[in-house]
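Worksheet for the structure shown next.
The values are calculated or read from the model by the stated rules, or taken from the named source; none is laboratory data. For clarity, every value in this text was computed on a predicted model and none was experimentally measured. When we count neighbours, we look across all protein chains shown, and the Cβ atoms used for this are built from the backbone with ideal geometry, even at glycine. Remember, those area values only see protein heavy atoms, side chains included, never the ligands or the DNA or RNA. Shrake-Rupley method; radii C 1.70, N 1.55, O 1.52, S 1.80 Å.
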Amino acid sequence: PSPSPSPSPSPSPAPAPVPNPIPTTQVPPCSPVGNSATNLTVCTASYLGGTSNDTAAAVEIAPDRAVVMAGTLIGTTLNFQPIYLQVAGSPARGNGTILRMDEAGGTVLSMTRLGNTIDDMDINRVNGNIAVAGDFGVAVLNPQANRVLWSQNQGAGGGASFSTGRRVAVGNGGQVATLFNKQVQVFDAAGRRLGQFSPGGSFVEDIAIDSASGSVIVTGYTQKNGGGCTQLQVAFVRSFSYTGVAKWTNYDWSHAQAFGAQSSCADSRGARVAIGRDNMLYFAGESAGGNSIFRFNPRNLNQAAPNVKYDAYTDPYNTKSNHITYYTKLAPSTGNIVAGQFLLARLKAGGGNTIRPRAITADEQGNVYVAGASAAAIANRNPVNLTISGQTIGNYSGGDGFLLVVSPNLRNRYIWTAWTGSNTTSVGTTILGVAVSQGIAAMIATSNGNMILVDPLQFSNQGGSDIFF
């Protein structure tokens, strides 16, 4: 990590707009009555896990409105009869788990075991096939998750900071893109390899695929030392054809270019990319303070980025080297930026504090969902003024898994919340997956603490970390 520059002065933030109620799409499975900027009414909030350390990976909404969750559940079947699948190199009965739930999250439809660890999952939005990545490589399952359609071992993974380096994405045309150990492979719907290439970069964190433009998009960051900043991490978002031909690049500036842009010496990292349900490309990254390249157009350091700021939590003033979130909406075919926004937590005294993104997506209307982990404190947290289905969340005590929902133009914050329960010590929760489609939204987290529960399948943490959804 680089030494942090002094924070840039910033004018006082403008008054925040009045938040709107959360928009609903089609017919929601649970009543939205009571939703507001500070209260989120949910269908289900529950633990999943046993006495060992269980970990979340991803969540998606299937075409039939089933909620599909993936992760690692060690030694527990939740009193459900699992379907055991096996591919080359995987154990007959491992701990990698795919759970299919009904649209309200209250009924388990099926439980499938595959491999020892599942690290990522995505769904074909047309036919419902499920692609999973784990210690076994990549496997594509049928929509019922009871049959392997094709699979390939891809090695151990690695080369990422925010995960094992094993990621998978599915395009609307059925193409599957994988990221293992900083290597990209692309397959057609039948599992035939279309391309294999290295996208470059010190750390490659995530992958997305856009069937409409025939593009694979990756993000990460590169260490670029020397020069005016001495040490510097620089984020990138890169687009390639299925065979690895470069199409466009965002950010990825040289050390000298970043230093020359008003001394943009704050480290920047690309964390997540995703194609939203509106078919736009969404990027989420981190910035070590406000003096980063994210202040500028990702193709032109002489032009300000179209960043939206309207309060102290979207304007990175009075912050030091703490890592804060930056996210954007992009055109997937060109990489052109539509809008961007910083997001940071604030201490009681007003200083900026850490918030890290670990998931991003958007619904069919373009409302943006960002999730991850936050230090003290998100808006309305001091004093506590946030509720989940009418239950007041507990005081901050060591790390909130946060969910943010904003309008398509990023100008209205519909909800920004956490599920931290009362009487909690050192929670340590990170939301690792978020999905939304057809009026259903779901999130999945790894949690060590006491969380707010609503009509749960499992009433308590069973020991170590549990999946929380």
Percent of alpha-carbon pairs separated by more than 12 Å within the range 159-219: 61 percent
Modelled FRET efficiency - R0 45 Å, Asp188 with Ala349, Cβ distances, 0.05 increments: 0.20
Cα-derived Rg over Rh, computed across the range 121-168 with Rh taken as Kirkwood radius: 1.02
Of Lys247/Lys329; Lys224/Lys329; Lys182/Lys224; Lys247/Lys320; Lys224/Lys348, those spanning more than 29 Å from alpha-carbon to alpha-carbon: Lys247/Lys320; Lys224/Lys348
Interchain or long-range residues, amide H under 5 Å from Ala379's placed H: none
Amide H partners (placed H, <5 Å) of Glu205, local residues excluded: Thr219, Gly220, Tyr221
Debye equation applied to the C-alpha atoms of the range 359-469, log10 I(q)/I(0) at 0.16, 0.18, 0.22 Å⁻¹: -0.71, -0.90, -1.28
Where Rh is the Kirkwood radius over Cα pairs, Rg/Rh for the range 290-347: 0.98
The chain - Rg over Rh from alpha carbon coordinates, Kirkwood radius: 0.95
Dipole-positive endmost among Gly350, Ser264, Gln391 within the chain (Cβ charges, Cα centre): Ser264
Relative frequency of Cα-Cα separations exceeding 13 Å in the range 425-469, percent: 58 percent
Hydrodynamic radius by Kirkwood, which averages 1/r over all alpha carbon pairs of the range 244-309, in angstrom: 13.0 Å
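Kindly give the semi-axes, whole Å and largest first, of the ellipsoid equivalent to the range 69-215, taking each as the square root of 5 times a Cα gyration tensor eigenvalue. Walk me through the numbers on the way to the answer.
Details: eigenvalues 122, 61, 37 Å².
Taking √(5λ) for each Cα gyration eigenvalue gives 25, 17, 14 Å.
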Label-point gap, in nm, between Arg65 and Val126 - each point 7 angstrom along Cα→Cβ: 2.4 nm
Fraction of alpha-carbon pairs over 12 Å apart in the range 361-411 - percent: 69 percent
Once exposed loop trypsin sites (Lys or Arg not before Pro) are cut out (DSSP; at most 13 other Cβ, 10 Å), longest piece of the chain: 193-347
Ellipsoid semi-axes in whole angstrom, largest first, where each is sqrt(5λ) of the Cα gyration tensor of the range 332-378: 27, 12, 9
Calculated FRET efficiency for the pair Phe459/Val338, C-beta based, R₀ 41 Å, to 0.05: 0.40
Principal axis dimensions, largest first and in whole angstrom, of the range 280-405 by Cα: 44, 35, 22
Accessible surface of the chain, 1.4 Å probe, proportion on carbon and sulfur as whole %: 49 percent
Diffusion coefficient, µm² s⁻¹, Stokes-Einstein with Kirkwood Rh over alpha-carbon pairs of the range 189-249 at 4 °C and 1.567 mPa s: 101 µm²/s
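Across all directions of projection, what mean area in square nanometres is found for the Cα convex hull of the range 95-147?
That works out to 3.6 nm².
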Vicinal HN-Hα couplings computed from phi for the range 48-57 (Karplus, 6.51 cos²θ - 1.76 cosθ + 1.60; Hz; Gly/Pro x): 9, x, x, 7, 8, 7, 9, 9, 7, 10
Residues Asn385 and Lys247, FRET efficiency given R0 of 51 Å [Cβ-Cβ distance, rounded to 0.05]: 0.65
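Contact order normalised by length for the range 230-311, with contacts defined as Cα pairs under 8 Å and 6 or more residues apart; what percent is it?
Once normalised by length, the contact order is 24 percent.
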Charge-dipole axis of the range 22-163 as Lys and Arg at +1 and Asp and Glu at -1 on Cβ define it, positive-most pick from Gly157, Thr55, Val67: Val67
Ranked order, Leu114, Leu149 - accessible area, probe 1.4 Å, largest first: Leu149, Leu114
The range 171-292 - convex hull of the alpha-carbon atoms, volume per residue in Å³: 97 Å³
